[in-house]
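A.B. asks: One structure, pasted below without further comment.
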Amino acid sequence: MDFQLTPEQQRLQKKCRELAADFATRSATHDREASHPIENYERLRDEGFLALTIHKEWGGHGASLLDHTVAYEELGAGCPSTALAFNMHASVVMPILESTEVTIDAKRRLADLVVHEKKLIAGNFSEPVTTSLIGARPLKTRARRVDGGYRVTGRKMFASMLEAGDLVMVGASIEGASPLAGLVFLLPRVAEGRRVEANWDVLGMRATRSDSLILEDCWVPDSAVIYRSDDMTALRQNNLHWFWGSYTPVYLGVAQAAYDELRRVVSARKPEGYAQPLAYHPDVRRYVAEMSADLEAARLTTYHSAWLCDTEGLTEKAVAALYRAKYTVGEAVAKITRTALTLGGAHGIFKPSRLEQLFRDGALGPLHPPPSDFCLYHMGLHELGLDPADVLPPLKSE
């Protein structure tokens, strides 16, 4: 097995590391203001990152999921919010382009928007509904058929980059159709019946501006619809690696950034009365060693999951690896950022501190969908060879 990155991946990694260094200089400001890092998005647009993973047949660069993983780990270490929000673009564009259910014309139209018109596309499928650990998430947003298109009503949330993207990709159920039926459409920044509720005042990843999208009898012409199906299950289940697996490396980058910052702090700081910097303290050395082991294990698990998806497709083994990577990274980033803040001392809790911001961003790792408990649930089924259909529901049915 070859663990060496290819020359192309090394060049991509180097480019992303340079971009991340630039983004890091503005990260604290955007975090404090919870503002869109527009200048970072524009830099990524200019550098060709909108089309990074789009296949070469559509005019893109043809980067694999592993290439994407290498890139977004580096970007996440610079400005976590920029990397997390910008990844929304690939996470919704790639499932459409790779789905066998989407027409060639629709794929070509989407690819042209991204490759030739350089449109940044946000995505919004999440809704404020209660779901169980094992239940399917229903789409409460309804599309009502009218002459020439649809009228859509509903409330969406966690809409990262909503007011910065040129378009937002939205999923909705179809009024009068089966519960599994739905459609996906592209909505411009300004549209009749569309408004944004700016409610993203949260602990971490503040500059993603993941506000709520409110649709009130919103007009969606037929030309804006890129996918319609009587059963949207396949689109969701066959693209887990993009829909949520593509976010995992961002949190890996957050963990790496905290680890690097801590090593810088303890190597430079020598408290009064100490003969050597804090790095020489045995407890500090032990914690740093543990962080190193956790970080490398998380990286290898994440890279392996992406490699499996690239080489085998979304097999049962690959899906289990994606859940394993998300769980491992989520737990590692929360632990590493917390430990780094603790070892950094009281100076680290002030807002100008890099460790303080990374601690808050890292705290979201285990919560970011799929959350750690959900990952463990699916990993347990896989490791024990159990059929989900045979598992008793947590609540007694009527």
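A.B. asks: Counting only residues that are over 21 Å from Ala85 (Cβ atoms) and of a type outside the set (Asp, Glu), give me the strands (runs of 3 or more DSSP E) lying completely in the range 135-254 with at least 2 of them.
C.D. replies: Result: 142-146, 149-159, 167-174, 182-188, 211-221, 225-229.
A.B. asks: So Lys351 passes all but one of these: (1) under 17 Å from Ala207 (Cβ atoms); (2) in a helix (DSSP H, G or I); (3) not small (Gly, Ala, Ser). Which condition number does it fail?
C.D. replies: (2)
A.B. asks: When the range 93-128 is examined, which residues are found to be part of a strand (DSSP E or B) and touching a Phe, Trp or Tyr at 6+ places or on another chain (Cβ under 8 Å)?
C.D. replies: Passing the criteria: only Asn124.
A.B. asks: For Pro221, are the conditions met, namely being touching a Gly at 6+ places or on another chain (Cβ under 8 Å) and open to solvent by less than 30 Å² (accessible area, probe 1.4 Å)?
C.D. replies: no
A.B. asks: Something else now. Provide a single number: the residues in the range 18-59 that are of a type in the set (Gly, Ala, Ser) and more than 19 Å from Asp201 (Cβ to Cβ).
C.D. replies: Final tally of qualifying residues: 6.
A.B. asks: Residue by residue through the range 239-280, note down the ones that are open to solvent by 60 Å² or more (accessible area, probe 1.4 Å), over 30 Å from Ala306 (Cβ atoms) and either acidic (Asp, Glu) or in contact with a helix residue (DSSP H, G or I) (Cβ under 8 Å, 6 or more places away or on another chain) (or both).
C.D. replies: Answer for the range 239-280, where residues must be open to solvent by 60 Å² or more (accessible area, probe 1.4 Å), over 30 Å from Ala306 (Cβ atoms) and either acidic (Asp, Glu) or in contact with a helix residue (DSSP H, G or I) (Cβ under 8 Å, 6 or more places away or on another chain) (or both): Ser267, Arg269, Lys270, Glu272.
A.B. asks: Still on this model: Please pick out the residue among Arg155, Arg151, Arg108 that is of a type in the set (Lys, Arg), surrounded by fewer than 20 Cβ atoms within 10 Å (Cβ to Cβ), closer than 18 Å to Val225 by Cα and touching a strand residue (DSSP E or B) at 6+ places or on another chain (Cβ under 9 Å).
C.D. replies: After ruling out the rest, the residue left standing is Arg151.
A.B. asks: Out of everything in the range 197-216 that is surrounded by 23 or more Cβ atoms within 10 Å (Cβ to Cβ) and out of contact with any helix residue (DSSP H, G or I) (no Cβ under 8 Å at 6 or more places or on another chain), what residue ends up being farthest from Pro37 (Cα to Cα)?
C.D. replies: Result: Leu215.
A.B. asks: Tell me, which helices (runs of 4 or more DSSP H) wholly within the range 1-79 include 1 or more residues that are out of contact with any helix residue (DSSP H, G or I) (no Cβ under 7 Å at 6 or more places or on another chain)?
C.D. replies: Answer list for the range 1-79: 7-33, 38-46.
A.B. asks: Could you look through the range 47-67, keep only residues that are farther than 15 Å from Thr82 by Cα and free of Cβ contacts under 8 Å to residues at least 40 places away in the same chain, and pick out the one that is nearest to the chain's Cα centre (by Cα)?
C.D. replies: Among those that are farther than 15 Å from Thr82 by Cα and free of Cβ contacts under 8 Å to residues at least 40 places away in the same chain, it is Leu52.
A.B. asks: Right, another one. His55 - would you say it is open to solvent by less than 70 Å² (accessible area, probe 1.4 Å) and within 27 Å of Gly365 (Cα to Cα)?
C.D. replies: It is false that His55 is open to solvent by less than 70 Å² (accessible area, probe 1.4 Å) and within 27 Å of Gly365 (Cα to Cα).
A.B. asks: Considering the range 344-354 alone, what residues qualify as being crowded, with 16+ Cβ neighbours inside 10 Å and either hydroxyl-bearing (Ser, Thr, Tyr) or modelled with pLDDT under 95 (or both)?
C.D. replies: Once the filter is applied, which keeps residues that are crowded, with 16+ Cβ neighbours inside 10 Å and either hydroxyl-bearing (Ser, Thr, Tyr) or modelled with pLDDT under 95 (or both), the range 344-354 yields Gly344, Gly348, Ser353.
A.B. asks: Name the single residue, out of those in the range 312-331 being in contact with a Leu (Cβ under 7 Å, 6 or more places away or on another chain) and part of a helix (DSSP H, G or I), that is nearest to Gly76 (Cα to Cα).
C.D. replies: Val329
A.B. asks: Next question. Considering only residues of the range 380-398 that are at pLDDT 95 or above and open to solvent by 100 Å² or more (accessible area, probe 1.4 Å), which is farthest from Ala321 (Cα to Cα)?
C.D. replies: Leu384
A.B. asks: In this structure, does Thr337 turn out to be over 20 Å from Cys79 (Cα atoms), open to solvent by less than 60 Å² (accessible area, probe 1.4 Å) and not charged (D, E, K, R)?
C.D. replies: no
A.B. asks: Now for a different question. Which residue out of Arg236, Arg299 is farther than 30 Å from Pro188 by Cα and either open to solvent by less than 10 Å² (accessible area, probe 1.4 Å) or within 20 Å of the chain's Cα centre (by Cα) (or both)?
C.D. replies: Within the list Arg236, Arg299, the selection yields Arg299.
The values are calculated or read from the model by the stated rules, or taken from the named source; none is laboratory data. Source: prediction; values computed, not measured. A quick note on method: Cβ atoms are made from the backbone with ideal geometry, for glycine too, and the neighbour counts reach across all protein chains shown. These accessible areas exclude ligands, DNA and RNA; they are computed on the full protein's heavy atoms, side chains included. Shrake-Rupley method; radii C 1.70, N 1.55, O 1.52, S 1.80 Å.
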